[in-house]
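Have a look at the structure below, then the notes.
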Amino acid sequence: MLTGCVVADLDSSNFRHPPYAHTIQKPGQLGHTDVAQRTRDLYSCGLDKNIAPDDFSRNQLRPGETSEGHTKRISKLESCMQSKGYILQDFDKCGPLKAPTGKCN
């Protein structure tokens, strides 16, 4: 006979979040932000054109990049996106991929 406790919801995929680019939204259009325009804006704000927005990770350093250089690059990109009228949401506003809130796209 086995005894012990049962922990519900151990499926780690329940806690995967959407790509970082999806957290960048236009106010009043949460979950319905124009993805093509956001992509153009990300590239114009400095996202490497060899990186698809859905593959962009805020925390990934480029080869040879220092932590300081990374911080400056991300800060510049985010400030630029904010100047274009976007808001930067936390991942918790989006919810996990298995149970999205509908506020990110």
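Worth pointing out:
- Counting the residues of region 15-32 that are among the small types (Gly, Ala, Ser) and out of contact with any strand residue (DSSP E or B) (no Cβ under 9 Å at 6 or more places or on another chain) gives 2.
- Condition met for PRO53 (over 23 Å from GLY102 (Cβ atoms) and either under 15 Å from the mean Cα position of the chain (by Cα) or at pLDDT below 95 (or both)): no
- Taking the criterion of being open to solvent by 50 Å² or more (accessible area, probe 1.4 Å) and aliphatic (A, V, I, L, M), the residues of region 79-105 that qualify are ILE87, LEU88, LEU97, ALA99.
- Count - residues of region 79-92 that are farther than 14 Å from ALA21 by Cβ and not in a loop (DSSP other than H, G, I, E, B): 4
- None of LEU42, LEU30, LEU47, LEU61 is surrounded by 11 or more Cβ atoms within 10 Å (Cβ to Cβ) and assigned to a helix (DSSP H, G or I) except LEU42.
- Long-range neighbours under 6 Å by Cβ, at least six apart or interchain, first residue of a type in the set (Asp, Glu) within region 20-42, second at pLDDT 95 or above: ASP41/LYS84
- Of all the criteria given as (1) surrounded by 14 or more Cβ atoms within 10 Å (Cβ to Cβ); (2) touching a residue at least 12 places away in the same chain (Cβ under 8 Å); (3) in a helix (DSSP H, G or I), the one not satisfied by LYS76 is (1).
The values are calculated or read from the model by the stated rules, or taken from the named source; none is laboratory data. As the structure is a computational prediction, the values presented were derived from the model and not from experiment. Cβ coordinates were reconstructed from backbone atoms using ideal geometry, including for glycine residues, and neighbour counts include every protein chain displayed. Remember, those area values only see protein heavy atoms, side chains included, never the ligands or the DNA or RNA. Shrake-Rupley method; radii C 1.70, N 1.55, O 1.52, S 1.80 Å.
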